[in-house]
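Accompanying notes for the structure given below.
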Amino acid sequence: MADAVEIKFDTRAECEAHFLDCIGRAKASLQMFDPDFAVFPLGSSQTDAALRHFLSLGGHIQLAMHQSGHIERHYPRFLRLLQDYSHRIECRLTNRPLKTLTDSFCIGDHIHIVRRFHSDHMRGAAAFDSPSATEISNERFVGIWAESLPGLHATTTGL
């Protein structure tokens, strides 16, 4: 598999388009990290349809975040998706030492990535069919995941 070229972006529309492309290309896994997921359009009908298709084919999602409030307040579609596919989606909240992390990324199957260099800005890059482009973010995600605690459950009791 030849490494693909990195595609730079600096607008919300470009970021969202690459995010949907990453979901569409993924077959088995999506790992996502963002401080609050305010930019990734988890609440849009288009993202909901793409994630439902991905999950219905057996895919798994891991979300790590600092705070879940934005998702809880603004993404009712994602909360329904979490209820419908709670066996395929796991969400974790970072602990205090990780709250300083400010990048943001979505990794599909360890070979596709959309990443913003800082969560306060839209500047970022996407790469598809490029394992080498995902290496550092994959390693970071493993560390973030290991240091995070379960959070954002399908129901208010976490069941």
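The values are calculated or read from the model by the stated rules, or taken from the named source; none is laboratory data. What you see is a predicted model; the values in this text were computed from it and never measured. Cβ placement follows ideal geometry from the backbone for every residue including glycine, while neighbour counts extend to all protein chains displayed.
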May I ask you to verify whether Leu63 is buried (at least 17 other Cβ atoms within 10 Å of the Cβ), out of contact with any Leu (no Cβ under 8 Å at 6 or more places or on another chain), in contact (Cβ under 8 Å) with a residue 12 or more places away in the chain and among the aliphatic types (A, V, I, L, M)? no
State yes or no: is Phe37 over 24 Å from Arg140 (Cα atoms) and crowded, with 17+ Cβ neighbours inside 10 Å? no
Matching option when the condition is hydrophobic (A, V, I, L, M, F, W, C), under 12 Å from the mean Cα position of the chain (by Cα) and under 14 Å from Ser137 (Cβ atoms), among Ile61, Ile23, Ile111, Ile107: Ile107
Return a yes/no flag: does region 118-138 have any residue that is under 16 Å from Ile61 (Cβ atoms), at pLDDT 95 or above and touching a helix residue (DSSP H, G or I) at 6+ places or on another chain (Cβ under 8 Å). no
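Per-residue answers, yes or no, for (1) more than 14 Å from the chain's Cα centre (by Cα); (2) part of a helix (DSSP H, G or I); (3) over 19 Å from Lys27 (Cα atoms):
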{"residue": "Glu72", "(1), (2), (3)": "yes, yes, yes"}
{"residue": "His118", "(1), (2), (3)": "yes, no, yes"}
{"residue": "Ala126", "(1), (2), (3)": "no, no, no"}
{"residue": "Asn138", "(1), (2), (3)": "no, yes, no"}
{"residue": "Gly143", "(1), (2), (3)": "yes, yes, yes"}
Mind listing just one residue for me: the one in region 114-153 that is touching a residue at least 60 places away in the same chain (Cβ under 8 Å) and basic (Lys, Arg) and, of those, surrounded by the most Cβ atoms within 10 Å (Cβ to Cβ)? Arg116
Tally time: how many residues in region 94-116 are outside any loop (DSSP other than H, G, I, E, B) and not aliphatic (A, V, I, L, M)? 11
What are the pairs, 6+ residues apart or on separate chains, where a residue within region 13-35 that is within 19 Å of Glu135 (Cβ to Cβ) has its Cβ under 6 Å from a residue that is assigned to a strand (DSSP E or B) and of a type in the set (Val, Ile, Thr)? His18/Val114; Cys22/Val114; Leu30/Ile61; Gln31/Ile107
Please find, within region 52-70, the residue that is farthest from Ile144 (Cα to Cα) out of those that are in contact with a Ser or Thr (Cβ under 8 Å, 6 or more places away or on another chain) and in a strand (DSSP E or B). His60
